[in-house]
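Everything below concerns the one structure shown next.
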Amino acid sequence: MTSIEESLGIAPLINAVGPNTRLGGGFVRPEVARAMVEASQWSVDMAELHGRGNAIIRAATGADAGIVTCGAAAALLLGTAACVAGLDPAKMDRLPDTAEMRNEVVIARNQRNSYDHAVRSAGVRLIEVGVPDRVSGPGVRDVEAWEYGAAIGERTAAVLYVARSRSGPPLQEVVRVAHAAATPVLVDAAAELPPVSNLRRFVEAGADLVAFSGGKLIGGPQASGILCGRRDLIASALLQQLDLDILPSDWEPPAGLLDGYSLVGLPHHGIGRQCKAGKEQIAGLLVALRLFAEEPPERRLAEWGDRTNALLAAVGNVAWLEAKLISDALRGDIPMVALRLDESACGMSARELAFRLRQGTPRIEVKIERADEGLLICGPTCLKEGDPAAIGRRLGEILGVRNERLRAAG
Ligand SMILES: *Cc1c(COP(=O)(O)O)cnc(C)c1O
């Protein structure tokens, strides 16, 4: 058997959601797939490979240093571990036991999310600040920079800032307050690429560490990510991920990462050992990053525009549906198609329609976060050519085709 469809007995689905982990993340570019295949046949000194990665990530992000991780969540764990342990191998070896260490991370209450488990995995406690009263109160105020300052104390290891388009206060203000207390700021920017300008934006705003996903829209392997920022923190993060089963006297540190630091010793397998980045992920991510940084953004925007237009055309005749072009609520630059179902007229809820799309052949996944309003949203970023037509066909099978003549007569 040749294809994995045959040998594993599983068919891919049509993904009108986006590069969500649940659906396998984004697609790697062909050059990335080739790099991964090549690297899979290498034996390589992983420290040396990370040293090359450091140079490439520095050039792409403007940060002092950077490493490839096996995802943004891994980058958050490693970044937190770095803020707690610094370059002290004894502390590294004790994590996640952080007794007697700086073991608190300050976060805005409205930025809490399920990925902050990665930060807590390092053994820290989250200290929440702000009163997000937009749901339960007047909806006027939220978190302000001084509240971070008031929460930072001698147990604070870091401030965690989740960068989304609606995050506030501005990162620069949080950085100013944190740095006044000599506290590093770790930014979760997992899903903020593209735009390509965000590769540099958070570093330029003063972040000490920034975590990006490689497996979302930059075209890297699904299980890849980047941690970039201050060199001492990146060096600590790498030491806590690298396999160091070598005599310390024989070890060659990765180029450019540890120069100038004197370590009392090398840690044993660190807290990051369980999220090691393989050579295939590293090679693939580095090729993806270079291509992403060089590519004119218009190219992919045009491709996504073509997919949404094809989808609009494909659903134009489906009964009970109105299709409209919208832009992503969080990412204004990505076009989306909103399908409004006339629920009462057709006797089916949008949620049930999504369920039937998921159960059919081919399986189709759409965004259901606005299903309560009768809306299903389709995004273009993980649609392949031919997918829009297949979605239109399947919707036609479920809902029927509009009778234009009746309509005209009515
Ligand atoms: C996707 C995401 C993550 C996790 O990224 P992985 O690369 O899948 O580990 C973390 N934080 C936010 C905000 C995300 O959107």
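The values are calculated or read from the model by the stated rules, or taken from the named source; none is laboratory data. What you are looking at is a predicted structure, and each value in this text was computed from that prediction instead of being measured. Counting neighbours? That spans all protein chains shown, and the Cβs are built from the backbone with ideal geometry, glycine included.
Within region 3-27, being among the β-branched types (V, I, T) and within 14 Å of the ligand (Cβ to nearest atom) holds for V17, T21. Just so you know, in region 307-328 the residues that are among the charged types (D, E, K, R) and loosely packed, with under 15 Cβ neighbours inside 10 Å include one that is nearest to R29 (Cα to Cα), and it is K324.
Tell me, which helices (runs of 4 or more DSSP H) lie completely within region 274-376 with 1 or more residues that are touching a strand residue (DSSP E or B) at 6+ places or on another chain (Cβ under 8 Å)?
In region 274-376, 279-294, 297-315, 350-359 are the helices (runs of 4 or more DSSP H) which contain 1 or more residues that are touching a strand residue (DSSP E or B) at 6+ places or on another chain (Cβ under 8 Å).
Just so you know, in region 209-266 the residues that are hydroxyl-bearing (S, T, Y) and out of contact with any strand residue (DSSP E or B) (no Cβ under 9 Å at 6 or more places or on another chain) include one that is farthest from A189 (Cα to Cα), and it is S249.
Pairs are defined by a Cβ separation below 9 Å, a sequence spacing of at least 6 or placement on different chains, a first member in region 36-61 that is modelled with pLDDT of 95 or more, and a second member that is aromatic (F, W, Y); the pairs so defined are A47/W251; L49/W42; A60/F292; T61/F202; T61/F212. Close Cβ contacts (under 7 Å, 6 or more residues apart or on different chains) running from residues in region 256-267 that are over 17 Å from A63 (Cβ atoms) and assigned to a loop (DSSP other than H, G, I, E, B) to residues that are at pLDDT below 95 and not aliphatic (A, V, I, L, M) comprise G265/P248; L266/P248; L266/W251.
Condition check ((1) away from the ligand (no atom under 16 Å from the Cβ); (2) assigned to a loop (DSSP other than H, G, I, E, B); (3) surrounded by fewer than 24 Cβ atoms within 10 Å (Cβ to Cβ)) across all residues:
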{"position": "G153", "(1), (2), (3)": "yes, yes, yes"}
{"position": "G168", "(1), (2), (3)": "no, yes, yes"}
{"position": "A178", "(1), (2), (3)": "yes, no, no"}
{"position": "V203", "(1), (2), (3)": "yes, no, yes"}
{"position": "G206", "(1), (2), (3)": "yes, yes, yes"}
{"position": "K216", "(1), (2), (3)": "no, yes, no"}
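Close Cβ contacts (under 7 Å, 6 or more residues apart or on different chains) running from residues in region 69-81 that are within 18 Å of Y161 (Cβ to Cβ) and part of a helix (DSSP H, G or I) to residues that are within 11 Å of the ligand (Cβ to nearest atom) and among the charged types (D, E, K, R) comprise A72/D188; L76/D188. Scanning region 188-198 for residues that are of a type outside the set (D, E) and near the ligand (Cβ under 10 Å from one of its atoms) gives A189, A190, A191.
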